[in-house]
1. Kindly report, to the nearest 10 Å², the accessible surface of F59 as traced by a 1.4 Å probe over protein heavy atoms only.
2. Considering only protein heavy atoms, with the full assembly of protein chains and a 1.4 angstrom probe, order M106, M95 by accessible area, largest first.
3. Could you compute how much accessible surface R64 exposes when probed at 1.4 Å, giving the result in Å² to the nearest 10?
4. Just the accessible area for S73, please: 1.4 Å probe, Å², rounded to the nearest 10?
5. Accessible area, 1.4 Å probe, largest first: how do D101, D75 sort?
6. What's the local net charge at D57, with K and R +1, D and E -1, over the other residues with C-beta under 11 Å away?
7. Given 0.36 nm per residue, what is the gain on full extension from D6 to S119 after removing their alpha carbon distance, in nm?
8. With the crude spin-label approximation of a point 7 Å out along Cα→Cβ, what separation in nm comes out for D84 versus V107?
Amino acid sequence: MQNRRDFLKSLTAAASMVGMAGAPKFSFAQEAGQKTFIKVFMRGGADGLHLFPLVGDPFYYQYRPDIAIPPPSNDINSAIDLGDPMRGMNPNLEMLMEIWDAGNMMVAPATSFDPNNRSHFDCQRWIGTGARNSRVRERRALL
């Protein structure tokens, strides 16, 4: 079984290969010449604040005193400067900088959808599939 750390290593290796070899075609119904959107949704401890820390926000350091990534500096363990005074990149993601610098990467932290739903399972399905309908649930109820 692959752990989260090994998965992140293989993900960053694959991302750097994309930068060298061009984007692989994982999407469906794509026409030639169009851009490809690859969504990586990770459940668990690798949250957006750890991967792309809010280095310009004092509350980040106040509420995460033991796990906060230091602001950009010459230290190897500090956040990577993205040119944004508020947000940096985790130094373990340095392999992604080539893609970032080329303008082929976007970070969308704390994204959500409206209206909110009180069902944890519906929300997980919507985020995982991009579908905002209840037909899947209705079909299951009929079976």
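The values are calculated or read from the model by the stated rules, or taken from the named source; none is laboratory data. Nothing here was measured: the structure is a model prediction, and the numbers come from that model. Using ideal geometry, Cβ is built from the backbone for each residue, glycine included, and neighbour counts are taken over all protein chains shown. We work out accessible area using only protein heavy atoms, side chains counted, and drop any ligands, DNA or RNA first. Shrake-Rupley method; radii C 1.70, N 1.55, O 1.52, S 1.80 Å.
1. 110 Å²
2. M106, M95
3. R64 has an accessible surface of roughly 50 Å² with all protein chains in place.
4. Approximately 70 Å² for this residue.
5. Greatest to least solvent exposure: D101, D75.
6. Value of the local net charge: +2.
7. In short, 37.6 nm is gained.
8. Here the answer is 0.5 nm between the modelled labels.
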